[in-house]
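Single-structure report; data block below.
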Amino acid sequence: MKKYSIIVVLTVVFTTLFYASCSEKNLDLQPLSPTEASYFTEESDFNKVVLGVYAKLTDYYWFNAGSPIQGFWQLPGDDITSTGTYAFEIFGTLQPSTSQNQVFYRTAYQLINRANTALQKLDTENGVIKTANLKNWLRGETLFLRGYTNFLLWNYYGTSPLITERIQTPDKITPSSSKDTELLDQAIKDLTDAATLLPATWDAANRGRVTSNSANGLLGKALVFRGSAKKAAADFTAAITAFNKISGVSLVPNFNDNFDVKTENNAESLFEFQASQPDFDNVWLANDFQRNGVGSTSAFWGWYENSSQLGGQAPYIATQKLAQSFDAGDPRIASTLDPKTLSFYKYWHTGDQKSQSGVASVNNPRILRYADVLLLKAEAILESGGSTSEAIGLINQVRTRAREMVKGGTSPANFATTETDKAKIFDWVMGERLRELAGEEGSRWLDLRRWHMAGKINLATWNWSSARTDVTFNVQKNLYYPIPDIETNLNPNVKQNPGY
């Protein structure tokens, strides 16, 4: 009887537990980690999602399993060259399947997706963000980063899709190719809005985040580029307006401080990638695998003197054209290159600090600085019919800074402000941009491309000053990079650029 009672009791207990465990209420378990639906409940959550947009910039600087992406923007111009077989210098061997091409394109759209997600969350935020103005600042940062990315996509691809909303339904996953300057138009719109939302400065803990100066600087640059492509004086005038809104910045006395790890985010800097030493130091992995999310090492892979750090590939070097462009005694030469070996020096030889892996750098790549703005403004003044003496004065500011790096220096001398030949002054702008901005974030290639579109130069007969003899530039084809086949194979609405 006792045994029977025990069996009955156990049967009741197990039956109760069975039904309890199978109830719908108990099956509705809470996830072990935050979900999107539960995440945006604190002000810091919105800050983190915007920092995640910044973090994607890291993937423009990682090593990419033996294929450094930097050649994508450093090699097509006439300032940097190599004896290696890099497709971005030879042009003729550039294909939709080229690895760096695919990495750049994928990274750009991943960043845009993060930006669109952040903007969606900010649009639906309702009272969680308490700090005054922070919501506007976060929105401004996100618009800036999306604008910067669309600026790059237009410059390199021209016709890649324009995506301005978060993709959440199947009917949105195959957007069409963009047309004309649609990508650049959106960049200008985003940057215009960002300039009105961003703060003038951040506190020390947030140093390096973009500001209203950053937005106005990049907005003016984008307007100059559209003015070049469209031959539109109104865009040049609008660019001057944007540039004139920049305040509190200046050329630093020492040109070298723009490339030294010890003088990052200085008075001349408007936007730079914030490199740092991550807790998980593996520069061969994309940002999604970095545990700390934002801080990461940057890589100046093409310039290191040790070929083993390049996987046995040929290093990037300065062109003879660049070496010969400087006036004798110009102090910028020593900061830029070795005239004898043509070794390129910026960033890695000046205050460079290697990461723990020994192959990367924690030196910030400067993406936009005030010297760039001054020279763009000089160009905009010329193209909008402004004062030639004012334009020359802006060029001379850059030359004066270089000259005064040496006490009693005489080179480079100022250009005569009495010159009125606009074609000659434009040549001065082009030459100064070559000397001042050589090797910096694709500056030279993007300049050459837009000047060709504006009819200022002819790239069909251009002197690339390459270390190779097999450069084959086709103006009907190579003004655009090929849309990667990772896109065209999956999206029937995206058309390949001509010639590929």
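The values are calculated or read from the model by the stated rules, or taken from the named source; none is laboratory data. Here the structure is a predicted model, which is why all the values come from computation and not from measurement. A quick note on method: Cβ atoms are made from the backbone with ideal geometry, for glycine too, and the neighbour counts reach across all protein chains shown. What goes into the accessible areas is simple: the full protein's heavy atoms, side chains included, and nothing from ligands, DNA or RNA. Shrake-Rupley method; radii C 1.70, N 1.55, O 1.52, S 1.80 Å.
Tabulated results
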read-out	value
Straight-distance crosslink candidates among lysines, where the alpha carbon sits under 19 Å from Lys495 and sequence neighbours closer than 8 are dropped	Lys172, Lys179, Lys477
Accessible area, probe 1.4 Å, largest first, for residues Asp327, Asp427	Asp427, Asp327
Computed FRET value (nearest 0.05) for Val406 with Thr469, which takes r as the C-beta separation and R₀ as 30 Å	0.20
Computed over region 362-431, Cα set: Rg, Dmax in Å	13.3, 45
Extended-chain gain in nm, criterion 0.36 nm per residue less alpha-carbon gap, Lys48 and Ala328	95.8 nm
Set of region 179-211 residues, backbone N closer than 11 Å to the point 7 Å along the Cα-Cβ line of Asn133	197-203
Heavy atoms of Ser212: accessible area, 1.4 Å probe, square angstrom to 10	20
Neighbourhood net charge (13 Å Cβ-Cβ; Lys/Arg +1, Asp/Glu -1) for Thr41	-2
Förster radius 22 Å - calculated FRET efficiency between Asp485 and Gln320, Cβ distance, rounded to 0.05	0.05
Relative contact order (%) - region 60-138, alpha-carbon pairs under 8 angstrom, separation at least six	22
